[in-house]
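Comments concern the structure below.
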Amino acid sequence: MTRNEIRTAFVDELTRIAPDIDGKTVSDEDHLMDDLGLDSMDILNLVTAIQTRLGVSVPETDYPRLETLEKAVEYLAGKLG
Amino acid sequence: MGWDTITKSANDRANAALPDTEKARKDFSWNDARQELSGLPGGGLNIAHEALDRHVAAGHGAQCAIRWRGASGETRDFTYEHLQRNASKFASVLTRHGIGKGDRLFSMMGRVPELYFAALGTLRAGVVFTPLFSAFGPEPVRTRMEIGEASALITTAAIYRRKIASWRAEIPSLKLVLIVGDDAPEDCVALGPEMDRAPDRFEVMQTDPEDMALIHFTSGTTGRPKGVVHVHEAVVAHAATGRFALELRPGSVYWCTADPGWVTGTSYGIISPLVNGVTMVVDEAEYDLDRWYRTLEREKVEIWYTAPTAIRMMMRAGQDAAAGYDFSNLKFLASVGEPLNPEAVVWGKEVFGKPFHDNWWQSETGGIMIANTAAMDIKPGSMGKPLPGIEAGIVETAGDELSECEPGEVGELALRPGWPSMMRAYLNEEARYAKCFRDGWYLSGDLAMRDSDGYFWFVGRADDLIKSSGHLIGPFEVESVLIEHDAVAEAAVIGIPDETAGEVVKAYVVLNPGFDASDEMERTLRGHARKRLGPAVAPREIVFRQSLPKTRSGKIMRRLLKARELGLPEGDISTLETDEK
């Protein structure tokens with residue numbers, strides 16, 4: 001899976017959970033909670049959805065490594081590597 | 001109940017604030033509790049005075065009051081004297097801008113130092129302090145500021161621009177908007193420069209014990225949110241219950257994780273710990289597993305007051321994630337917000353070496369009413385027993401006169417009025433206030449059971465309110481926002497069980513002609529609700545129906561939707577006129 005595909009999948013799941021966010025305007029540095037307004041339940045649902053979609057396992061202690069789009073893509077690419 | 005009682009040792013009891021709970025209950029009087037505070041000359045009482053000035057006058061000004069850690073890891077310590085001076089500065093700022101006794105300051109921000117200066121400075125100036133949840137969307141904020149007739153607001157520039165600026169001019173009572181930091185948007189005042197030049201002496205306003213001090217907003221099943229009014233005398237209960245239920249004592253290191261926008265964040269995140277002379281650990285950041293474990297270890301936290309959703313998130317990560325941390329300073333763990341499941345009580349003991357002590361109270365009670373105290377054996381899953389000074393009962397409400405239920409019977413949890421932190425009003429809603437009291441009891445709206453040993457057990461809500469991650473959500477407020485969308489004809493909102501949040505919000509929607517149910521429509525409506533209400537209040541799931549179950553008078557039967565959702569008996573459906581399709 002390319003980084004672009006991972007990015008698309010992540011944004012897709014993000015906007016499914018938080019449809020108030022416009023996927024086209026999300027920037028790589030936006031913080032999921034501080035800038036995009038997700039709460040902790042959203043994060044939980046997002047990680048669950050990503051795990052199912054990409055078939056990776058993300059332990060709770062790694063959640064902070066998904067706090068921006070850029071970091072999440074980097075982290076997931078490493079997992080799928 | 002299937003779970004073994006956790007028994008306390010003789011040593012646990014000897015070290016507890018109330019070694020003999022039964023004796024303490026007999027000997028206790030609120031008058032005596034009042035004497036432990038200093039009060040103001042002439043019979044006055046002021047919460048900020050009891051929280052700060054009393055300690056500074058007694059020579060404890062140099063003690064650390066707040067050990068603050070910012071989101072990016074920076075730290076700042078504030079002594080009691082620092083806090084007193086900054087609260088005085090804040091009170092001076094309010095006065096300079098014409099905000100005085102009887103005015104109402106709303107706050108909407110995270111756990112930044114200015115929150116504490118503002119809360120204590122506001123009370124010091126005799127102004128009413130009203131916290132709002134910063135994850136609220138613009139709609140709940142606006143409604144609450146209208147009902148509360150806000151005179152002033154303190155918030156951040158980001159929150160102001162996103163959620164308030166567009167309608168600010170439509171709140172006629174609002175005279176002052178303070179913005180944390182050195183810059184402010186147009187028509188707002190930057191707090192930083194104001195604080196810099198304000199005098200750090202401000203004589204405590206002579207407030208009467210019955211003067212209004214706090215307004216906490218809570219949701220109703222129908223109608224608008226209710227502004228729960230508390231007075232300065234509430235501090236008598238904040239002080240005593242902090243000792244009895246949380247073991248707060250001078251010098252304790254205490255961490256309350258509650259959001260400052262809800263009642264726990266004020267009563268036990270600001271007032272009670274300071275009045276009891278503790279050192280509070282304050283972390284600006286939201287829940288983060290590693291960060292929390294590190295905080296417990298590094299700050300040598302002794303007393304920890306947290307919430308079921310957070311505990312369940314820690315449990316999801318498993319015991320291994322906690323390995324390697326030193327939790328040996330922890331002496332007492334407590335939880336509030338919604339009933340704590342027995343697994344979580346016991347999990348505390350396995351991971352932290354101490355069980356979680358669940359307790360029960362609500363915005364209306366202002367302070368903890370029923371608790372598992374340090375000396376009491378814990379029956380996992382029970383909220384414990386009434387604290388000294390509190391008489392609680394389980395009552396049958398069907399008849400004109402209330403009758404108390406037998407042990408083991410389910411009824412409404414009720415309290416005998418008269419404790420100091422009892423609400424004094426719902427703002428401008430006399431009829432709704434009066435409805436809470438009947439036959440010499442305050443009715444809590446919670447269904448519960450008392451067992452033959454006197455322990456209380458939560459059963460459910462007597463109404464349609466939803467408890468999600470510890471927040472009480474009124475279905476009406478959510479339905480109103482959904483109906484505002486052009487596509488929506490009718491909406492009904494219920495809480496469905498969720499293993500982490502307790503309950504999550506689910507909406508049933510009937511669309512107007514010309515609109516089709518689809519995934520896209522579901523997302524559009526959820527997006528609309530999230531924008532208006534914020535993520536904590538908006539539905540996490542929306543389903544479409546042709547019609548909703550309604551009574552003859554046209555009332556949507558949320559109860560029936562919920563029973564069907566849960567596969568429970570439908571109960572009395574004799575008033576059902578049109579059914580769900």
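The values are calculated or read from the model by the stated rules, or taken from the named source; none is laboratory data. Please read all numbers here as calculations on a predicted model, not as lab measurements. FYI the Cβ positions are ideal-geometry reconstructions off the backbone, even for glycines, and counts take in every protein chain you see.
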Any hit, the range B:563-577, residues being in contact (Cβ under 8 Å) with a residue 12 or more places away in the chain and within 11 Å of chain A (Cβ to nearest Cβ): no
Residue that is nearest to A:Gly37 (Cα to Cα) [pool: residues in the range B:508-527 that are among the polar types (S, T, N, Q) and within 14 Å of chain A (Cβ to nearest Cβ)]: B:Thr524
Failed criterion for B:Ala165 (all others in (1) in contact with a Pro (Cβ under 8 Å, 6 or more places away or on another chain); (2) farther than 26 Å from A:Leu38 by Cβ hold): (2)
Boolean, A:Asp62 is within 12 Å of chain B (Cβ to nearest Cβ) and closer than 19 Å to B:Ala529 by Cα: no
Residues satisfying the stated conditions in the range B:278-313, i.e. under 16 Å from A:Asp62 (Cβ atoms), in contact with a helix residue (DSSP H, G or I) (Cβ under 7 Å, 6 or more places away or on another chain) and modelled with pLDDT of 95 or more: B:Tyr293
Residue tally, condition in contact with a Lys or Arg (Cβ under 7 Å, 6 or more places away or on another chain) and either of a type in the set (D, E, K, R) or surrounded by 18 or more Cβ atoms within 10 Å (Cβ to Cβ) (or both), over the range A:2-15: 1
Options A:Asp42, A:Asp34: the member that is out of contact with any strand residue (DSSP E or B) (no Cβ under 8 Å at 6 or more places or on another chain), surrounded by fewer than 19 Cβ atoms within 10 Å (Cβ to Cβ) and either among the aliphatic types (A, V, I, L, M) or within 9 Å of chain B (Cβ to nearest Cβ) (or both): A:Asp34
Which listed residue, of B:Arg540, B:Arg530, is charged (D, E, K, R), under 21 Å from A:Thr48 (Cβ atoms), without any contact (Cβ under 8 Å) to a residue 40 or more places away in the chain and within 14 Å of another protein chain (Cβ to nearest Cβ): B:Arg540
Lone qualifier among B:Ala65, B:Ala17, B:Ala24, B:Ala10 - being within 30 Å of B:Ser452 (Cβ to Cβ), in contact with a Phe, Trp or Tyr (Cβ under 7 Å, 6 or more places away or on another chain) and of a type outside the set (Asp, Glu): B:Ala17
Of the criteria (1) under 29 Å from A:Leu14 (Cβ atoms); (2) free of Cβ contacts under 8 Å to residues at least 40 places away in the same chain; (3) small (Gly, Ala, Ser), which one B:Gly502 fails: (2)
Members of the range B:263-290 that are of a type outside the set (Ser, Thr, Tyr), closer than 19 Å to B:Gly534 by Cβ and away from chain A (no Cβ under 14 Å): B:Val263, B:Gly265
Within the range B:305-354, tally of residues that are in contact with a Pro (Cβ under 9 Å, 6 or more places away or on another chain), away from chain A (no Cβ under 14 Å) and loosely packed, with under 15 Cβ neighbours inside 10 Å: 1
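For (1) touching a His at 6+ places or on another chain (Cβ under 9 Å); (2) part of a helix (DSSP H, G or I); (3) in contact (Cβ under 8 Å) with a residue 40 or more places away in the chain; (4) surrounded by fewer than 24 Cβ atoms within 10 Å (Cβ to Cβ), each residue gets a yes or a no:
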| position | (1), (2), (3), (4) |
| --- | --- |
| B:Asp196 | no, yes, no, yes |
| B:Phe202 | no, no, yes, yes |
| B:Gly220 | no, no, yes, yes |
| B:Arg224 | no, no, yes, yes |
| B:Ala240 | no, yes, yes, no |
| B:Tyr254 | no, no, yes, no |
| B:Gly265 | no, yes, yes, yes |
